[in-house]
Amino acid sequence: MLLRSFSAKTLPEAMEQVRLALGDEAIILSTQEEGFAGVKVTAALEADDDNDFRPGPPTSELAVADRIASVLDHHRVPRGLADRLLNAAANLQADDWVMALAAALDYELGFLPLSEIGPGRPIMLIGPSGAGKSVTSAKLCACARLAGARSLLITMDSDKAGGRAQAETFADVLGARLVCASDPEAVAKAVSQREADEMAVIDTIGSNPFDGQELRYLSETAEAAAATLALVLPAGGDPAEVADAALAYSQAGAQAMIPTRLDAARRFGGLVAAAHVGGMQFLAAGVSRHIGAGLTALNPVSLARLLSTCEPFEPSSLAAAD
Ligand SMILES: Nc1nc2c(ncn2[C@@H]2O[C@H](COP(=O)(O)OP(=O)(O)OP(=O)(O)O)[C@@H](O)[C@H]2O)c(=O)[nH]1
Ligand SMILES: [Mg+2]
């Protein structure tokens, strides 16, 4: 038996999705009101006595849906979002299952090309302690340099033990101008005094997403500096926990998200859930602790390819590498 859930705003819309994905022979197992989210229908396609499926949609469509469902399950994408992505994939024409997933990701999530960030648009990185904000700030300065712009690295974290030394090292290596600023006024002043070809990157202190006062301070700083707020979030966290944090940061004004440590995690459902819940656009991703490795562009196709590589972890592969 093939079992699938479909979410839509209204029951007729959900039923139409059932028909498109499973055909007229689908059996409705349950319908469930989901408050503002609409309605969820769970449907099944029975096997007949010969163990073959009754006539329905082409086998290839079912294979695509099954493949995407198992990938989303591997990455622990929360059930409601997985249903939405499956529904979107079923309704969008694509050549193969990875492209169908890319189309669904494009439909449900936002993506902001890194080229949109430049001298005209300061960027301020926020996120939990140790998320990778400082390394990502340095990588953004490196990207600016590659694009022919100069960069102004503003750090709000110079009072931390080793904070100033870290920023000085990054600025030195990247030829960036460094300003240490400890309050919103100082940040706004540094931003307003930048040269026309300087891209301003603001690095901040690690914050607690559930501390309203800390988040208000960050929002005020971003507002004073007219900066795009980007959440830096490491891969691999518990999807529900990460989504809660992302919602809090988005309410503080985070519009974009830069995931880090994609190289050191194997499940990315938390990042997908975080971006979706927070309505944040993926900007780029960190895939190395080395600044020279820069940032990797994230778009629907690259994200779908990342999700599609979900081989199980083999501890023996570490021993083989030694
Ligand atoms: N593997 C890997 N490590 C990363 C990546 N990005 C950052 N790191 C590492 O994560 C650790 C924390 O990075 P930082 O940039 O100092 O993090 P932060 O958010 O500035 O930390 P605080 O300022 O203490 O809040 C460092 O050891 C980095 O080298 C990444 O994409 N991949
Ligand atoms: Mg830091």
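General observations
- Residues of segment 140-167 that turn out to be assigned to a helix (DSSP H, G or I) and either loosely packed, with under 15 Cβ neighbours inside 10 Å or over 18 Å from the mean Cα position of the chain (by Cα) (or both), as a count: 11
- The requirement of being within 18 Å of residue 295 (Cβ to Cβ), in contact with a helix residue (DSSP H, G or I) (Cβ under 6 Å, 6 or more places away or on another chain) and of a type outside the set (A, V, I, L, M, F, W, C) is fulfilled nowhere in segment 94-117; no residue meets it.
- Of residues in segment 188-211 being among the hydrophobic types (A, V, I, L, M, F, W, C) and more than 15 Å from ligand 2 (Cβ to nearest atom), the one nearest to the chain's Cα centre (by Cα): 210
- Within segment 168-182, if we keep just the residues that are of a type outside the set (Lys, Arg) and not in a helix (DSSP H, G or I), the residue that is surrounded by the most Cβ atoms within 10 Å (Cβ to Cβ) turns out to be 176.
- Top-ranked residue of segment 120-137 - restricted to ones that are touching a helix residue (DSSP H, G or I) at 6+ places or on another chain (Cβ under 8 Å) and not in a helix (DSSP H, G or I), ranked as farthest from ligand 1 (Cβ to nearest atom): 122
- Failed condition for residue 115, given (1) away from ligand 1 (no atom under 14 Å from the Cβ); (2) in contact with a Leu (Cβ under 7 Å, 6 or more places away or on another chain): (2)
- Looking across segment 232-262, just one residue is of a type in the set (D, E, K, R) and touching a residue at least 60 places away in the same chain (Cβ under 8 Å), and that is 261.
- Selection of segment 163-186 for residues being aliphatic (A, V, I, L, M) and without any contact (Cβ under 8 Å) to a residue 40 or more places away in the chain yields 165, 167, 171, 176, 178, 179, 181, 186.
- Subset of segment 115-138 (residues that are among the charged types (D, E, K, R), more than 9 Å from ligand 2 (Cβ to nearest atom) and within 18 Å of the chain's Cα centre (by Cα)): 116
- Of the strands (runs of 3 or more DSSP E) entirely within segment 212-287, those holding at least 3 residues that are under 21 Å from residue 303 (Cα atoms), assigned by TED's automatic domain parsing to the domain that holds residue 135 and within 10 Å of the chain's Cα centre (by Cα) occupy 228-234, 256-260.
The values are calculated or read from the model by the stated rules, or taken from the named source; none is laboratory data. For clarity, every value in this text was computed on a predicted model and none was experimentally measured. Using ideal geometry, Cβ is built from the backbone for each residue, glycine included, and neighbour counts are taken over all protein chains shown.
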